[in-house]
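Please read the structure below before turning to the comments.
Values quoted throughout were computed directly from the atomic coordinates according to the rules given, and no laboratory measurement underlies them. Predicted model only: the values in this text are computed from it and were never measured. Note: ideal-geometry Cβ built from the backbone for every residue, glycine included; neighbour counts use all protein chains shown.
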Ligand code: ATP
Ligand code: MG
């Protein structure tokens, strides 16, 4: 047995592979493990938890027989329309499908499906590195079936379609996103003819549902260097169709010798910086969108040069429209991204001025739970190549961080709850829910944030009595 064979044997050393192979033998059908599992194993030599089996026969029947013979007889979920079946077993997601041949019509992603051979099944797969199969039948156990040179493309770090890329992408344009997603996740290059084909066919992305596109976008953002995928999305023309707010940031304009930076490439650097610091998907979205308000707010002023006044506010409004268009959640994650975009310049503004306690208290109060995320966004935003400026920004940033720590410890303003509650106000003045309560609470909050009174009950109570008097309210005797 040669070296490669031994190595493949190791990929299928988990007992499940032999069990599935034995059942397939008993049913007299060919069976293979295929696709992502084979790729990831060969790449990282660890066991991915989702495993795709393909059989030249019925995937559902094989899955049912396999489940019967597994410990605890796990449940089989079947999807008759696709001829697939799923078993969750021993921390693994096992998916079974019958080998099939697919043919496509121009206006739909939904192919006409017929039973086929292993070769037909490999032909319908998206990339050479995803089309490898390992046989599980006893007499061929461990044999790698690699008709398109997947192993050599893995070694060359190359994404390439098995058949003519124009046909592969036209059949299912989602594959264009997948090509770019794999390039970003694996740090691979897309083979030139494949890349050129994506450029030619980028308009076809319009027939793909937003939900599936977002799955791929998220995977790009969660990769180690999202700029690889984002850059490819832009170069192929896909990004302009999906997130034109970002491509609008590209370019440098010069008037009277004054230039501004290219905010698109700056944004990609910020996303990469963020990816080094946090694996939180929504922080990465915030990094991606933090400057989108700059395109619509860009102005040239003779005295001060380029300005982007209010871009944070405009940008945060754009976040909502963008999420809605991409059919993404409009719940808490979107609101968090909006807030981070809106506040994205606040810590920097503070660092540039003499840092007052009250400005720091307001920042802590407004950011609330998102303070750490906001600070991470701000360090990620430092992309200047000028070492002196970089030093200065980093130093200022450290000063703000120190200051936040100091103020937080002393004043406890995060997730601020006013020391005097609405109920106490109502009880003290014997009034029902009313405008006055809001006014009093706001006055107390302002006084605390401004540092006029400490964040304590005694002081707040005293100020409440005083402010209430100004509103014509008198405490009732208790
Ligand atoms: P990951 O699980 O990391 O997303 P994967 O390659 O396993 O990567 P899956 O979506 O799980 O991707 O798909 C499993 C296999 O099915 C792929 O390896 C590929 O062979 C095939 N496949 C998936 N989606 C497509 C598609 N749109 N077109 C062609 N083949 C596909
Ligand atoms: Mg998979």
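Computed from Cα atoms, the angle from the helix 226-236 axis to the main principal axis of the chain rounds to 70 degrees. Taken over the alpha carbons of the stretch 384-470 as equal point scatterers, the Debye sum produces base-10 log I(q)/I(0) values at 0.15, 0.25 Å⁻¹ of -0.63, -1.18. In the chain, helical runs assigned H by DSSP with n ≥ 4 each contribute -39500 (n - 2.57); averaged across all residues and rounded to the nearest 500, the mean residue ellipticity at 222 nm is -16000 deg cm²/dmol.
Using only Cα atoms, what Kirkwood radius does the chain have, in angstroms?
On the way: mean 1/r = 0.0375 Å⁻¹.
Computed over the chain, the radius equals 26.7 Å.
Order of 265, 285 from fewest to most other C-beta atoms within 10 Å? Walk me through the numbers before you get to the answer.
Numbers: 265 18, 285 25.
Fewest-to-most ranking of 265, 285: 265, 285.
Using only Cα atoms, tell me the angle between helix 435-449 and the longest principal axis of the chain; keep it within 0 to 90° and round to the nearest 10. Roughly 90 degrees, rounded to the nearest 10. Between the alpha-carbon centres of the stretch 129-186 and the stretch 83-97 there is a gap of 21 Å.
Put the Cα centre of the stretch 396-438 next to the Cα centre of the stretch 236-315 and the gap is 35 Å. The tail of the calculated P(r) for the stretch 1-98 beyond 17 Å holds 48 percent of all Cα-Cα pairs. Considering only the Cα atoms of the stretch 157-242, their convex hull presents on average a projected area of 4.7 nm². In units of the compact-protein estimate 2.2 N^0.38 Å, the stretch 422-470 shows a Cα radius of gyration of 1.07.
Per residue, how big is the convex hull of the stretch 20-164 when only Cα atoms are used? Give it in Å³.
Working: hull volume 16.5 nm³, N = 145.
Residue-normalised Cα hull volume stands at 114 Å³.
A simple spin-label model places the labels of residue 103 and residue 117 1.7 nm from each other, with each point 7 Å out along Cα-to-Cβ. By the count of other C-beta atoms within 10 Å, a proxy for reagent exposure, 208, 465, 112 are ordered fewest to most as 112, 465, 208. Residues of the stretch 17-60 with an amide N closer than 14 Å to a point placed 7 Å from the Cα of residue 187 along the Cα-to-Cβ direction: 44.
Annotation for residue 469 and residue 452: the two label points, set 7 Å from Cα along the Cα-Cβ direction, are 1.4 nm apart. Length gained on full extension, residue 301 to residue 163: 44.3 nm, using 0.36 nm per residue less the C-alpha separation. Ordering 376, 236, 84 from the fewest to the most neighbouring beta carbons within 10 Å gives 84, 376, 236.
Each 5 Å bin from 0 upward holds the following percent of the Cα-Cα pairs of the stretch 285-366: 3, 14, 21, 19, 18, 13, 8, 3, 1.
Over the stretch 92-156, the Kirkwood radius and the radius of gyration, each from Cα atoms, give a ratio Rg/Rh of 1.02.
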